[in-house]
Structure formats: C-alpha cells, structure tokens
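A quick write-up on the structure given underneath.
A short reminder: the numbers here are calculations on the coordinates, not readings from a lab. Computed from a predicted structure; not experimentally measured. Ideal geometry is used to build each Cβ from the backbone, glycine not excepted, and the neighbour counts take in all protein chains shown.
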Amino acid sequence: MAQTGRPEATDTSGHPAVAIVGPGAIGTTVAAALHQAGRTPKLCGRTPRASLELRDDRGRVLVPGPVHTDPAQAAGTVDLVFLAVKSTQVRASAPWLAALCRPDTVVCVLQNGVEQEAAVAPFVPGCPVLPAVVWFPAEAQPDGTVRLRGEARLTLPDAPASRTVREALSGTRCSIELAADFLSVAWRKLLQNAVAGLMVLSGRRAGMFGRADISRLSLAYLRECLAVARAEGAVLSDEVPREILESFHGYPADLGTSILADREADRPLEWDVRNGVVSRRGRAHRVPTPISDVVAPLLAAASEGPG
Ligand SMILES: NC(=O)c1ccc[n+]([C@@H]2O[C@H](COP(=O)([O-])OP(=O)(O)OC[C@H]3O[C@@H](n4cnc5c(N)ncnc54)[C@H](OP(=O)(O)O)[C@@H]3O)[C@@H](O)[C@H]2O)c1
C-alpha cells in the first residue's frame, strides 16, 4: 500500500477522489455516472484506451481517459477505489491497489459473489473493504463500448465506510441502497448468479429458462442454494427460488450474463465465486448439494480445461 504517494485528496467539489480499477462493463458504467456529474475518476486498467464509452437507450456517454495501465506511473492515492475486475483478476490487480490505497482508502468491490471482503482485504491491509451487490446488466461490445441494459443500482452494507461511496455517487445516475442485512441481499443475488451459470452449460441466453425442463432443474438448484444460504445465516423465504425463476422468465430472451460472455470469449470463468461457493459452503455446513456438485466441476472444466 502506498504510504508516501501524494494523495489526490478530495476533489475540489468536496466529493471523494475516485479511481476505477477494471474499467470494463461495470467499471465503465460507474465511471460514466461519475463523469456525467463532473467527477471524472482516474481509470486504471490492463488495456490502454484513450476513453471509455457507455451506451444505453438514453444515448451515449464518453468518459475521457486515458486508461492508465502502469501502476508505477499513476501517481497519487485516492479516497475511494471501485474495484471492478473479475474475481479471477483480483490478484493481478494488486499492484493497482498498492499504488492507489493509503490506510483510510475505501475499497468498494463491484463483483459478484459473497466472499469479496475475504478475497480483497489481504491486498489492502488497513483499508475498509466494502462488498457491493451490482444489480445492473452491462455488456462490453466488440467495438470496445459498453451497453448498459437497465438502471445502474448498487446495494452496500449499512457500514460507516459506505458513506464515502454514497458521497462519491450522490446525485449521479448510479443509485445506492444500504442494507442492514447485507448478507441476505448478497446471498439472494448469489442464487440468481448461480442459476444463470446454467446458461454457460447450455450455451444459451435467458430465453432457455422458458423451457419446462430447465425451469424444473433451476428450481431444484435454487432450493439447494437456498439451503446453503440459510446455513450461512441469510434470511430468505421459501418463495425466493420461484421469484428468481420468474424474473428469468421475464428477461429478454437474448439477455446474457457476464459468465456466459466470458465463456463465449474463452476467458477464465468466475465459476468458483458464483457456483463453487455453494458446494464449498454446503460441505462446511453438511448441507447436501448434489446439483452444485455436478454444475461446479463442469463450469470449472469449461473455464480451465484441460482439453
Ligand atoms: N457485466 C455485468 O452485467 C455484471 C453484473 C453484475 C455483476 N457483475 C460482476 O462485476 C464484476 C466485473 O464484471 P464486468 O462484466 O465489468 O467484467 P469486464 O467487462 O471483464 O471488466 C473487467 C475489467 O478489468 C480489467 N482488468 C483485468 N485485469 C486487470 C488488472 N490486472 N488490472 C486492472 N484492470 C484489469 C479488464 O481489462 P481488459 O479490457 O484488458 O480485459 C476489464 O476492463 C464481475 O465480478 C462480474 O461478475 C457483472
């Protein structure tokens, strides 16, 4: 972690100075929300770009760059880092975290899963690490732009560090909700992500949930995930599996999921944080997870091979 790097400090508007590490689909959406409000963040990525572009039904937002790619060259710590790399890329992004964080920097992790804090905290000792539930679908397009499909919305734990995130995003198009029972919200989203993983195994988009056989399989899988979530302390009703399935029935047939986009591009999959976690936590609580125990190894093999 940077101890002596010149702090960029709070920007002149009084809002926290922000860096986005991982300016992909989610990072670009948050960067665009900040830029539209006159609070352009520092962009820290892997692939150099002159700018970022977000498109949605309302038009386009061009976020001026550059996307910095060398942590040693991007001087200055910030008040708030949005970490929006994939969970498989956290370790590789550690040099960015070291360069941008001082001990009071808030690190808000914009990733799926329920284990963000444990995964990121070792790389930012002393910094508050906040998990966030990301509710909006955003898709990186082949031309490098990002398509936002829905309203930008995050849920954070009702914790002191969340104030910094609220201040940073106040008055922007990205709304923030604070959850007193964040664990339950995060597990509910995890159930949604876990079942979305079935799209990878079929190579199909959300329309596949219209099939009766897939609906039955999804419900059984969701009930299994619910049992693990409850064993972890989540308070979720018996209705949650059916509610999630119904939401999939309501999605546009061509709606994908980021793990499907990764599979289609032959990139590593976030199978462990989205699906493997159900088997792992189930084993710890002695909750049987027979469907997860089939789904997770198939996703792992799709991600990592060999073959
Ligand atoms: N997309 C969605 O709709 C959605 C919805 C809810 C939650 N999520 C979750 O949000 C997280 C981010 O997903 P995403 O879809 O935004 O992923 P993404 O589009 O792949 O974005 C990841 C970004 O991180 C960059 N990156 C990779 N390694 C890096 C490194 N070492 N240092 C700095 N930047 C690095 C990538 O750069 P390159 O351009 O070089 O690849 C890319 O710009 C995931 O956990 C995902 O599950 C996504």
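Tell me which residues, restricted to the stretch 132-174, are in a helix (DSSP H, G or I) and among the hydrophobic types (A, V, I, L, M, F, W, C).
Once the filter is applied, which keeps residues that are in a helix (DSSP H, G or I) and among the hydrophobic types (A, V, I, L, M, F, W, C), the stretch 132-174 yields Val165, Ala168, Leu169.
Okay, residues lined up against (1) of a type in the set (D, E, K, R); (2) in contact with an Asp or Glu (Cβ under 6 Å, 6 or more places away or on another chain); (3) closer than 23 Å to Val133 by Cβ:
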{"site": "Ala72", "(1), (2), (3)": "no, no, no"}
{"site": "Val78", "(1), (2), (3)": "no, yes, yes"}
{"site": "Phe82", "(1), (2), (3)": "no, no, yes"}
{"site": "Ser87", "(1), (2), (3)": "no, yes, yes"}
{"site": "Ala94", "(1), (2), (3)": "no, no, no"}
{"site": "Cys101", "(1), (2), (3)": "no, no, yes"}
{"site": "Val106", "(1), (2), (3)": "no, no, yes"}
{"site": "Gln111", "(1), (2), (3)": "no, no, yes"}
{"site": "Val114", "(1), (2), (3)": "no, no, yes"}
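If Asp158 meets every condition in (1) over 16 Å from the mean Cα position of the chain (by Cα); (2) crowded, with 18+ Cβ neighbours inside 10 Å apart from one, which number is that one?
The single condition Asp158 does not satisfy is (2).
So Arg274 clears everything in (1) in a loop (DSSP other than H, G, I, E, B); (2) under 28 Å from Ala138 (Cβ atoms) except one condition, right? Which one?
Tallying (1) in a loop (DSSP other than H, G, I, E, B); (2) under 28 Å from Ala138 (Cβ atoms), Arg274 fails exactly one: (1).
Test of understanding: among Arg267, Arg286, Arg280, which residue is of a type in the set (Lys, Arg), closer than 20 Å to Gln116 by Cβ, surrounded by fewer than 19 Cβ atoms within 10 Å (Cβ to Cβ) and away from the ligand (no atom under 12 Å from the Cβ)?
Exactly one of Arg267, Arg286, Arg280 is of a type in the set (Lys, Arg), closer than 20 Å to Gln116 by Cβ, surrounded by fewer than 19 Cβ atoms within 10 Å (Cβ to Cβ) and away from the ligand (no atom under 12 Å from the Cβ), namely Arg280.
Each row is one residue, and each column tells you yes or no for (1) more than 18 Å from Ala140 (Cβ to Cβ); (2) of a type outside the set (Val, Ile, Thr); (3) buried (at least 16 other Cβ atoms within 10 Å of the Cβ); (4) more than 15 Å from the ligand (Cβ to nearest atom).
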{"residue": "Pro23", "(1), (2), (3), (4)": "no, yes, yes, no"}
{"residue": "Gln36", "(1), (2), (3), (4)": "yes, yes, yes, yes"}
{"residue": "Ala50", "(1), (2), (3), (4)": "no, yes, no, no"}
{"residue": "Val63", "(1), (2), (3), (4)": "no, no, yes, no"}
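Only one of (1) closer than 17 Å to Val21 by Cβ; (2) within 10 Å of the ligand (Cβ to nearest atom); (3) of a type outside the set (D, E, K, R) is not met by Val133, so which one is it?
Of the numbered conditions (1) closer than 17 Å to Val21 by Cβ; (2) within 10 Å of the ligand (Cβ to nearest atom); (3) of a type outside the set (D, E, K, R), the odd one out for Val133 is (1).
Please give the number of the condition Leu255 fails out of (1) closer than 18 Å to Leu217 by Cα; (2) surrounded by 14 or more Cβ atoms within 10 Å (Cβ to Cβ); (3) touching a residue at least 40 places away in the same chain (Cβ under 8 Å).
Failed condition: (1).
Does Val67 count as within 15 Å of the ligand (Cβ to nearest atom) and touching a helix residue (DSSP H, G or I) at 6+ places or on another chain (Cβ under 8 Å)?
So Val67 fails the test.
So Asn112 fits all but one of (1) near the ligand (Cβ under 8 Å from one of its atoms); (2) not in a loop (DSSP other than H, G, I, E, B); what number is the exception?
(2)
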